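Here the structure comes first, spelled out in structure tokens, and everything after it is commentary.
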Amino acid sequence: MDYKKETKEIVEGIVIAVILYLVISITLSYALKVDNPVAVVISGSMEPVYYRGDIIVIKGTDPATIQVGDIIVYKRPYQDIPIVHRVIAITEEGGHLYFTTKGDNNPFEDSYFENGKKLPGVPDYAVLGRSVLKIPKVGYITIFFKRLIGVRI
């Protein structure tokens with residue numbers, strides 16, 4: 001058995017996989033107008049629409065087009081994990097739109113804090129986009145590996 005040749009083939013396979021991932025990711029980012037077009041659902045807050053382990057594809061959107069009932073993806077300033085929740089109310093204040101959100105499976109609406117101050121909802125500038133596609137359960141692979149390396153989710 002030629003271990004050198006086998007090792008070379010494995011390395012080539014990994015390099016090709018990484019290049020494919022980058023090409024797909026960059027293409028999706030450009031086409032969907034969002035920096036991170038894919039997210040893994042890590043909680044049951046949106047059941048029965050999205051389950052833990054589902055992968056969602058995110059499309060960038062103009063916040064002015066968001067309506068009550070839409071499912072949006074946003075980030076909090078103190079948390080790197082995107083939140084996927086439904087808009088239950090919209091208010092305008094100080095030139096910004098604020099979206100009151102709630103997980104379909106949660107008893108209460110979300111709170112949004114920025115710089116120690118509670119805002120009337122998710123500000124328009126924190127919205128990443130809308131969820132446009134679900135790939136069921138494939139995200140469990142990501143959850144497994146994050147737990148394996150000690151990331152708490």
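The values are calculated or read from the model by the stated rules, or taken from the named source; none is laboratory data. Fair warning: this is a prediction, and the values are worked out from it, not measured in the lab. Backbone-built Cβ (ideal geometry, glycine too); neighbour counts: all protein chains shown.
Descriptive notes on the structure:
- Selection count where residues are part of a loop (DSSP other than H, G, I, E, B), β-branched (Val, Ile, Thr) and at pLDDT 70 or above, scope region 135-153: 2
- Considering residues of region 42-101 that are of a type in the set (Gly, Ala, Ser) and assigned to a loop (DSSP other than H, G, I, E, B) only, the residue farthest from Ala31 (Cα to Cα): Gly94
- Some residue of region 85-100 being touching a Leu at 6+ places or on another chain (Cβ under 8 Å) and more than 23 Å from Asp35 (Cα to Cα): yes
- The condition of being among the β-branched types (Val, Ile, Thr), modelled with pLDDT of 95 or more and closer than 18 Å to Pro136 by Cα does not hold for Ile55.
- Cβ separations smaller than 8 Å between residues 6+ apart or across chains give no pair from region 40-66 residues that are within 11 Å of His85 (Cα to Cα) and not assigned by TED's automatic domain parsing to the domain that holds Arg130 to residues that are of a type in the set (A, V, I, L, M, F, W, C) and surrounded by fewer than 16 Cβ atoms within 10 Å (Cβ to Cβ).
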